[in-house]
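Derivation of every value follows stated rules applied to the coordinates shown; laboratory data play no part. Please read these numbers as outputs of a predicted model, since none were measured by experiment. Cβ sites come from the backbone with ideal geometry, for glycine too, and all protein chains shown count toward neighbours.
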Amino acid sequence: MILHLRYDFENSDNCDTVGKTLRYYRLHRRYSTRELAEKVGVVPATITLYENDKHPIKYKTAVLLAEALGIDRKLLFDEYTSFVDYPCDMLLREMRKRLSLNQSQMAQEIGVAQSAYSAWERAARTPRRQEYEKIVPLIKKANIHR
């Protein structure tokens, strides 16, 4: 008896995580983990961690991976990287205005220095994932839908 294994590359419905999506498109493009890793400047183990959803994909790496795979970068974004891509400086400004807070008050709500928050709104810096977790409830409170 001969069995033929077939991967359905016409349908990505089973890609319910960022890691599964990455793996799907890597296999579809017939790249090994090593080949894809070399294209984006990471080690193959990093690609494996991403594909197994053991490590979140950094924003810049997600953009490079999407370019290498020829796909929409948003397919490789989680909640945080979607926030960064929005762009987050505009979202933060909108959120602060809806909550009727100044930058100092907003920084206090998040638990960061006012200078850090100001840099976020100027797009000079980007909030880290830990800071983003403190921002999420405020986005909901401001009733902002992305």
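Computed quantities for the displayed model
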quantity	calculated
Members of the range 107-130 found to be on the phi > 0 side of the Ramachandran plot and either of a type outside the set (A, V, I, L, M) or surrounded by fewer than 12 Cβ atoms within 10 Å (Cβ to Cβ) (or both), listed by number	Gly111
Residue in the range 131-146 that is surrounded by the fewest Cβ atoms within 10 Å (Cβ to Cβ), counting only those that are hydrophobic (A, V, I, L, M, F, W, C) and part of a helix (DSSP H, G or I)	Val136
Residues that are assigned to a loop (DSSP other than H, G, I, E, B) and surrounded by 19 or more Cβ atoms within 10 Å (Cβ to Cβ), drawn from the range 74-83	Phe77
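Rundown of residues vs (1) surrounded by fewer than 19 Cβ atoms within 10 Å (Cβ to Cβ); (2) farther than 14 Å from Lys20 by Cα; (3) within 12 Å of the chain's Cα centre (by Cα); (4) without any contact (Cβ under 8 Å) to a residue 12 or more places away in the chain, yes/no style:
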position	(1), (2), (3), (4)
Asn52	yes, no, no, no
Asp85	yes, yes, yes, no
Met90	yes, yes, no, yes
Met95	no, yes, no, no
Ser100	yes, yes, no, yes
Gln105	yes, yes, no, yes
